[in-house]
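Undergrad: Got a structure for you, written out below as structure tokens; questions coming shortly.
The values are calculated or read from the model by the stated rules, or taken from the named source; none is laboratory data. Because the structure is predicted, anything quoted here is derived from the model rather than measured. Cβ placement follows ideal geometry from the backbone for every residue including glycine, while neighbour counts extend to all protein chains displayed. Protein only, heavy atoms only, side chains kept; ligands, DNA and RNA dropped before computing areas. Shrake-Rupley method; radii C 1.70, N 1.55, O 1.52, S 1.80 Å.
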Amino acid sequence: MTQTETLKSEIVKIGKKLYANKFIAAYDGNISVRLDNNNVLTTPSGVCKGAITEQDILEINQQGEIVNGKGKPSSELRMHLLCYRLRPGINALIHAHPALCTALTIAGVSLAEPVIPEMVLTIGDVPTAAYATPTTSEVPESIKNLIPGHDAVLLERHGTITLGKNLDEAYYKLEKLEHSAKTILSARQLAVVKPLTTEQVKKLVDLRNSYKQ
Ligand SMILES: [Zn+2]
């Protein structure tokens with residue numbers, strides 16, 4: 001199998017998982033991966049990502065032009081291309097609409113607050129990008145200062161962006177975000193949630209940095 005064929009089948013597999021786990025509804029969300037030639041494979045707009053096939057996937061160059069495939073790229077493609085430009089080490093991006101992460105942003109609850117040690121250890125703080133009209137250039141504008149330092153960002157009232165060296169990494173970050181959102185929502189229903197202390201966070205950050213070395 002060529003790299004393109006392998007990655008197309010991975011996109012199809014991830015699309016099914018996103019839909020089956022309700023991280024997207026109807027035609028929502030988009031998935032992309034970067035090829036060795038710096039082109040990007042991405043899902044088309046107007047189709048359910050849970051039902052796409054390899055034939056539906058488009059190859060796009062860094063200018064956003066279709067190199068291979070039939071169909072229309074997502075209006076959120078600009079956001080994907082911006083992320084690849086800003087993060088040379090990143091090769092995969094998932095944009096989804098997970099209900100609980102989005103609910104937290106509507107309620108003004110931030111996932112940047114350190115509450116769950118596992119999150120601090122693995123993903124770090126997750127900022128919320130200011131509200132931007134979906135599908136417009138406001139979206140890349142709202143994330144451009146956050147992407148260089150973060151692999152996961154919440155979009156206010158809209159959804160999530162998760163980045164990875166590969167698609168599995170981007171997918172599992174999304175899964176962790178939504179699981180954390182669920183945990184935080186449950187805790188807030190029970191009591192006032194206290195963040196971890198500065199000392200607790202410092203130990204976790206030191207541990208995280210030691211993994212990277
Ligand atoms: Zn969206």
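Undergrad: Just a yes or no: is a residue in region 187-206 part of a helix (DSSP H, G or I) and within 12 Å of the chain's Cα centre (by Cα)?
TA: No, every residue in region 187-206 fails to be part of a helix (DSSP H, G or I) and within 12 Å of the chain's Cα centre (by Cα).
Undergrad: Among the residues of region 115-172, count how many are charged (D, E, K, R) and under 16 Å from Cys83 (Cα atoms).
TA: Number of matching residues: 6.
Results for (1) open to solvent by 30 Å² or more (accessible area, probe 1.4 Å); (2) acidic (Asp, Glu); (3) outside any loop (DSSP other than H, G, I, E, B), shown as yes or no for each residue.
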{"position": "Lys13", "(1), (2), (3)": "yes, no, yes"}
{"position": "Lys22", "(1), (2), (3)": "yes, no, no"}
{"position": "Ala25", "(1), (2), (3)": "yes, no, no"}
{"position": "Ser32", "(1), (2), (3)": "no, no, yes"}
{"position": "Asp36", "(1), (2), (3)": "yes, yes, no"}
{"position": "Cys48", "(1), (2), (3)": "no, no, no"}
{"position": "Ala51", "(1), (2), (3)": "yes, no, no"}
{"position": "Lys70", "(1), (2), (3)": "yes, no, no"}
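Undergrad: In region 114-139, what residues are out of contact with any helix residue (DSSP H, G or I) (no Cβ under 9 Å at 6 or more places or on another chain) and of a type in the set (D, E, K, R)?
TA: Glu138
Undergrad: Restricted to region 135-145, and to residues that are open to solvent by 40 Å² or more (accessible area, probe 1.4 Å) and not polar (S, T, N, Q), which residue is nearest to the ligand (Cβ to nearest atom)?
TA: Out of the qualifying residues, it is Glu138.
Undergrad: Looking at Ala132, is it out of contact with any Gly (no Cβ under 6 Å at 6 or more places or on another chain), surrounded by 16 or more Cβ atoms within 10 Å (Cβ to Cβ) and small (Gly, Ala, Ser)?
TA: Considered against the rule, which asks whether it is out of contact with any Gly (no Cβ under 6 Å at 6 or more places or on another chain), surrounded by 16 or more Cβ atoms within 10 Å (Cβ to Cβ) and small (Gly, Ala, Ser), Ala132 comes out as yes.
Undergrad: Going through Leu190, Leu177, Leu163, Leu204 one at a time, which residue ends up being more than 16 Å from the ligand (Cβ to nearest atom), among the aliphatic types (A, V, I, L, M) and surrounded by 13 or more Cβ atoms within 10 Å (Cβ to Cβ)? Give the steps one after another, and end with the answer.
TA: Details: Leu190 fails: surrounded by 13 or more Cβ atoms within 10 Å (Cβ to Cβ); Leu177 fails: more than 16 Å from the ligand (Cβ to nearest atom); Leu163 fails: more than 16 Å from the ligand (Cβ to nearest atom).
Among Leu190, Leu177, Leu163, Leu204, only Leu204 is more than 16 Å from the ligand (Cβ to nearest atom), among the aliphatic types (A, V, I, L, M) and surrounded by 13 or more Cβ atoms within 10 Å (Cβ to Cβ).
Undergrad: Please enumerate the residues belonging to region 1-49 that are under 13 Å from His97 (Cβ atoms), of a type in the set (Gly, Ala, Ser) and free of Cβ contacts under 8 Å to residues at least 60 places away in the same chain.
TA: Ala26
Undergrad: Same structure, new question: Among the residues of region 83-123, what is the count of those that are open to solvent by less than 10 Å² (accessible area, probe 1.4 Å) and small (Gly, Ala, Ser)?
TA: Selection size over region 83-123: 2.
Undergrad: If you scan region 72-97, which residues turn out to be basic (Lys, Arg), part of a helix (DSSP H, G or I) and within 16 Å of the ligand (Cβ to nearest atom)?
TA: Hit for region 72-97 is Arg78, nothing else.
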